[in-house]
Amino acid sequence: MADEIINRVTNSKLKVIDLEDYYPNGRRILFDITDWLLEGLVLREKEFRAFVAEHNWSQYQDCYVALHCSTDAIVPDWAYMLIAIELQAYSKLSVIGSLDDLESILYADIISNLDLSEYQGLPVIINGCSNKPVPSNALILLSQKLKPIARSIMFGEACSSVPLFKINNF
């Protein structure tokens with residue numbers, strides 16, 4: 001009779017953390033203000049305020065919104081602030097930037113609030129594969145937060161991880 005196959009990873013102290021598990025649900029929207037500018041380049045305050053006042057903000061209910069301008073227009077900060085104030089009643093979060101910037105900001109908040117005490121003194125693998133958009137910045141922030149408490153940090157999968165950090169006197 002063949003020897004029983006033993007999964008040494010499951011039986012080890014090795015902990016895997018997958019940022020995909022913390023992915024915040026909700027639609028992501030890239031809100032381009034270009035159409036609210038004269039010829040896509042010039043912000044005229046009176047007309048801009050009219051667009052803001054007449055816009056249907058309820059369509060952004062429970063969405064994450066990235067505000068940006070797709071042209072090289074110089075947009076004053078107050079314009080984005082005015083839109084964000086209107087969005088606040090509907091969206092989960094509004095930021096200035098790309099959808100990638102939005103994901104980075106979402107994950108920065110998530111990671112700053114993570115309780116990682118269960119990883120104290122243990123070898124940790126940060127999962128490298130995901131089906132959801134986990135930004136590279138999130139991986140960096142997580143590794144930095146884990147370094148003071150983890151025995152070691154690896155990246156990837158248990159079967160093929162890349163060592164990143166290890167305390168030698170543990």
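The values are calculated or read from the model by the stated rules, or taken from the named source; none is laboratory data. Here the structure is a predicted model, which is why all the values come from computation and not from measurement. Glycine also receives a Cβ, built like all others from the backbone with ideal geometry; neighbour counts cover every protein chain displayed. What goes into the accessible areas is simple: the full protein's heavy atoms, side chains included, and nothing from ligands, DNA or RNA. Shrake-Rupley method; radii C 1.70, N 1.55, O 1.52, S 1.80 Å.
Give the residue that is least open to solvent (accessible area, probe 1.4 Å), with candidates limited to residues of segment 119-133 that are in a loop (DSSP other than H, G, I, E, B) and within 24 Å of Leu99 (Cβ to Cβ). Going through the qualifying residues, I end up with Gly128. Screening Leu87 against (1) touching a Cys at 6+ places or on another chain (Cβ under 9 Å); (2) modelled with pLDDT of 95 or more; (3) closer than 14 Å to Lys15 by Cβ leaves a single unmet condition, (3). Evaluate the following for Ala50: is it farther than 20 Å from Gly26 by Cβ, without any contact (Cβ under 8 Å) to a residue 12 or more places away in the chain and over 22 Å from the mean Cα position of the chain (by Cα)? In short, yes.
Taking residues in segment 26-46 that are aromatic (Phe, Trp, Tyr), and partners anywhere that are assigned to a strand (DSSP E or B) and open to solvent by less than 90 Å² (accessible area, probe 1.4 Å), the pairs with Cβ atoms closer than 7 Å and at least 6 places apart or on different chains are Phe31/Val65; Phe31/Ala66; Phe31/Leu67.
The numbered conditions (1) farther than 30 Å from Leu142 by Cβ; (2) surrounded by fewer than 14 Cβ atoms within 10 Å (Cβ to Cβ) are all true for Trp36 except (2).
Quick grid of which residues meet (1) within 15 Å of Asp18 (Cβ to Cβ); (2) crowded, with 17+ Cβ neighbours inside 10 Å; (3) free of Cβ contacts under 8 Å to residues at least 40 places away in the same chain:
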residue	(1), (2), (3)
Cys63	no, yes, yes
Val95	no, yes, yes
Pro135	yes, yes, yes
Leu139	yes, yes, no
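Would you check if there is a residue in segment 79-93 being hydrophobic (A, V, I, L, M, F, W, C) and touching a Pro at 6+ places or on another chain (Cβ under 9 Å)? Yes, there is a match, as at least one residue in segment 79-93 is hydrophobic (A, V, I, L, M, F, W, C) and touching a Pro at 6+ places or on another chain (Cβ under 9 Å). One residue stands out among those in segment 1-25 that are modelled with pLDDT of 55 or more and of a type in the set (Lys, Arg): the one that is surrounded by the fewest Cβ atoms within 10 Å (Cβ to Cβ), which is Lys13. Do we have Ser112 as among the hydroxyl-bearing types (Ser, Thr, Tyr), open to solvent by 40 Å² or more (accessible area, probe 1.4 Å), modelled with pLDDT of 95 or more and within 19 Å of the chain's Cα centre (by Cα) here? Yes, satisfied.
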